[in-house]
Each structure stands twice: as structure tokens, then as C-alpha cells.
Amino acid sequence: MTLQRTLSILKPDATRRNITGKINAKIEEAGLNIIAQKRLQLSLPQAQAFYAVHAERSFFGELCQFMISGPVVVQVLEGTDAVTKYRDIMGATNPANAKEGSIRREFAESIEANSVHGSDSAENAAVEISFFFSQLEIVA
Ligand code: ADP
Ligand code: MG
């Protein structure tokens, strides 16, 4: 039981369908606090830099094009075990495998357009949060 922060992105398929509020409701119902939030249009270099760990994956080019296809909402979530708690309510990467009631099961369009990003470790969360937010923008 550790108080943690994690980086969340509501992806372009979510902003396009106007369901960011529905996703935020699931986040808050899970006991996670949205302690920073802003809407951005990513540039291609920004998307490539954020997903640099996936640069060698076959879907990297498509993923970056998808992430710049419309606005995103980037967020810092805080709560007990926030990294694993958010991964749990997000559901599996492929919505076909995501558990009942999860964000991706309920909202994702495809394995690519899967509505949300969440950091996969506390270490990566710290890096990803500082990619998007300054300390002044985070109000716990
Ligand atoms: P997660 O977002 O669940 O941590 P990954 O880090 O493996 O998943 O992948 C990052 C993102 O790349 C996914 O959320 C999804 O948008 C996209 N993606 C993953 N696998 C595929 C795939 N096989 N085809 C297309 N896009 C994919
Ligand atoms: Mg990932």
C-alpha cells in the first residue's frame, strides 16, 4: 500500500467520441485522484519521443500517427498503488481480452485505438509525468 502517481493519456479516439468524462468517472470511482490534467495536440516528434521504447515495434509508425490524429488529454493520477490500480481498471491492451467493466472493454475501438495509456511502472511513471507536466501544474 503505497501512495503513487501515474501518467494517464486519454487517446484521440476518446476525445473524438466525447467520452473523456465517462473515462474520468471510472478513474474517480476507482479511488484515483486526477491531480493534473490538460488537453494537447501532440506533434509527430512529441509522439515519437513519448513512445520511443516502442520504436522497433512493427506498429510504431501507425501508433504515432494515431496519437496525433486528434487531441489527447494528459493526466497525473494519484492514489494507493496508482500504477497497478490504473492498469487494472484500464484492462488489457487488446479490448477483446480486457476484463468486464474495464475502460478498454467498455470504450476501446481496437488494439490500437484503445482509449487510454497508463504507465507500466513507478519508474516509468516519473519519467512520463515529467515529459508532460511541471511541478507547478500538479496539485495534489
Ligand atoms: P499498453 O498501452 O497496454 O501498455 P503497449 O505498451 O504494449 O500496451 O503498447 C502501447 C500502445 O501501442 C497500445 O496501447 C496500443 O495503442 C498500441 N499497440 C499495442 N500493440 C499493438 C498492435 N499489435 N497493433 C497496433 N497497435 C498496438
Ligand atoms: Mg505500455
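The values are calculated or read from the model by the stated rules, or taken from the named source; none is laboratory data. Keep in mind that what you see is a predicted model, and the values were worked out from it rather than measured. Don't worry about glycine lacking a Cβ; one is built from the backbone with ideal geometry, like all the others, and counts go over all protein chains shown. Only protein heavy atoms, including side chains, enter the accessible area calculation; ligands, DNA and RNA are left aside. Shrake-Rupley method; radii C 1.70, N 1.55, O 1.52, S 1.80 Å.
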> What is the residue count in the stretch 41-68 for residues that are within 12 Å of ligand 1 (Cβ to nearest atom) and in contact (Cβ under 8 Å) with a residue 40 or more places away in the chain?
Replying inline: 6
>> On the basis of being surrounded by fewer than 13 Cβ atoms within 10 Å (Cβ to Cβ) and either in contact with a helix residue (DSSP H, G or I) (Cβ under 9 Å, 6 or more places away or on another chain) or modelled with pLDDT of 95 or more (or both), does residue 55 make the cut?
In response: yes
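Yes/no matrix, rows are residues, columns are (1) surrounded by 13 or more Cβ atoms within 10 Å (Cβ to Cβ); (2) away from ligand 2 (no atom under 15 Å from the Cβ); (3) of a type outside the set (Asp, Glu):
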position	(1), (2), (3)
29	no, yes, no
33	yes, yes, yes
47	yes, no, yes
98	yes, no, yes
> Restricting attention to the stretch 100-136, which residues are closer than 21 Å to residue 21 by Cα and open to solvent by 80 Å² or more (accessible area, probe 1.4 Å)?
Replying inline: 100, 105, 106, 109
> Do you know which residues across the stretch 90-140 are outside any loop (DSSP other than H, G, I, E, B), within 20 Å of residue 12 (Cβ to Cβ) and not small (Gly, Ala, Ser)?
Replying inline: 90, 95, 103, 104, 105, 106, 107, 116, 117, 128, 131, 132
> How about the stretch 69-87: which of its residues are in a helix (DSSP H, G or I) and either in contact (Cβ under 8 Å) with a residue 12 or more places away in the chain or open to solvent by less than 50 Å² (accessible area, probe 1.4 Å) (or both)?
Replying inline: 82, 83, 85, 86, 87
